[in-house]
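Notes for the one structure printed next.
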Amino acid sequence: MNRPTTALLAALDALLAVAIGIGIPLVMLTILWAVQFDLAIDWSVFWRSAVDFWMLGNGVDLRIALDPQTAAQLALDQAAVPFEIGIAPLGFALLTVFLGRRSGLRLGQSAHPVLGLVVGMLTVAALAALAWQSAQSDVATPSLRQAVLFVPFVYGLGLLLGIVPSVLRERTALFAWFARQVHRIPAPELPLVATALRGGAMIATGLVAVAGLAVALLLVIQYSTVVSLYESLQSGIAGGAGLTLAQLALMPNIVVWAASWMLGPGFVLGTGSAVTPLGTQLGLIPSLPVFGALPQGSPLGFAALIVPVAIAFLVAVVLRPRLRGGVGEDRAAGRAARPGFGPVSVGRVVATGVGMGLVAASILALLALWAGGAMGPGRLADVGPDPAMVWLWAAVEFSVACTVGLLASGVRFGASETKSAVKPTTADDPPRVPAEVKASTPR
C-alpha cells in the first residue's frame, strides 16, 4: 500500500474503533430510554452518558456536580460538593486496545506502518475532542486534556501490539533497525535480559489469569448473594441489563484487585476499609451486586499468598535453560552463533531472578494504577489497590521466588560446568570418534 492508502485505512479503522466504543453503551442506554422512560427524556442525555462512560473507561476523569436535591437522595457524604470520578472501567480500555491491535496487524504488513500509527492516533484524538464537545453538561464534565491524550494513547498501545508482531514476521526495514538495536546489547547479557523480560511478563500474566479464575469461582459460590442484591435494587429488565454491562466493564478492574489480594496488600473500597487475605473490613460501598462476592477473612486467606510465589518459582524453573543461550538457539533463530553464550555465574543468575521480579512487579503496579481511582464523593474517592504497595510486595515475593527457582533447577554454574564439559585427554585414553563418523561407518 502507498502512503495515502495507508493513511486512509488507518483513519477509517480509528473511526470504527471510536464508533464501536461509544456505540456499545449507547445502544444499551437507548433501549433503557425506550423501555424504562417511554421516550419522555431528551435522548441527548443518554448520548452524553455514553460518551462519558466511554471516556471514563479510557482513563478520562469526570467532574460531577450534583444539585442539592439529587445529592440529598443519594445520602452520600460530601455529595453536594463537586467531585471527580477517576476509576476507569477497563473493559472499554481493553476493547480500544483490541480494535487498535486489529488495525495494527494490517498496518504492520504495509510499507508505512509508522505513518499509519501516527494517523490512527491523531484521528482518535480528533474524534475524542469532538465527542468531548458534544458531551458537555452541567452535571458531568470530562477532562479535555485527558480526552485528547489518554484515549489516543490507549488506542496507540493496541496499534503497537499489532504492528510489532507483523513487522517482525514480515522482516521489513523496521525489523532490520530493531534487530540492530537488539544486537547492540553485549552477547553475554542478551540471554539474561531476554529471560528477565520474558519471565516477568509470564509471571504477571499467570497471576492475572489465576486471579480471573478466582473471581469466577467466587461469583459461582456467592451466586445467591449476588442475585439477592440484584433483586433489592429493583432496576427492572432494562436497568438490570445496563447494570450488568457496567459490571462487565469493571470486571478487569476486579481481576486486578484479586491479583493484589493474592499478593498480600489487597485493596480498599473507600477510605478506612481494607480487603486483604488477613481480613475484610468494609463501610459504605457502592450498590453493585458483584461486590456480594467479596472474600471474607478466613484462615484459607493465607493459602492465597502461596499462589504468586508458586507461579514465579515455576516460571523461573521453566526459563532457566534459556540463560545459557547457545549455538542451537542462534541457528534456530536464523543467525550466526554469537560468542559469550556459555555458562552463567551465580551472580548473573541472581541478577536475572531479581530482574524478573522487578519486571513483573512493574507490570502489576501499572495495572493497579489503572484499576483504581475515585468512585464517588467523600470516602469513595479511594478505591482499588495501592500501586506502590503492589510493586513493593510483588518485587520482594517474585525476586526471591525467581532466584530460588533459577538456582534450584539442577544446572551447574561457571567454571565447574566448563571443567566437566571439557576434559583433558591423556596418552592412555582411547581416541574419541565423533558421533557423525560413528553413524556413517559401515558395520
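Structure summary
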quantity	calculated
Backbone N within the stretch 21-42 under 13 Å of label point (7 Å from Ser287 Cα along the Cβ vector)	none
Distance (nanometres) between label positions extended 7 Å along Cα→Cβ at Ser362 and Leu149	2.1 nm
Segments 277-287, 44-54 sorted - mean Cβ within 10 Å per residue, highest first	44-54, 277-287
Protection-proxy order for peptides 396-403, 252-259, each taking the mean of Cβ atoms within 10 Å per residue, highest first	252-259, 396-403
Length gained when the stretch Asp67-Leu157 is fully extended (0.36 nm per residue, less Cα-Cα span)	28.6 nm
Relative packing of 63-69, 84-90, which averages over residues the other C-beta atoms within 10 Å, highest first	84-90, 63-69
Nitroxide proxy distance, nm - points 7 Å out along Cα→Cβ at Ile237 and Leu12	3.8 nm
Three-way shape call for the stretch 211-287 based on the alpha-carbon gyration tensor, with the a/c threshold at 1.5	prolate
Shape of the stretch 13-67, Cα gyration tensor, a/c cut at 1.5	oblate
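Since every read-out is calculated from the coordinates, none of them should be taken as a lab result. The structure presented is a predicted model; accordingly, all values stated were derived computationally and were not measured. Virtual Cβ from ideal backbone geometry, glycine too; neighbours counted across all protein chains shown.
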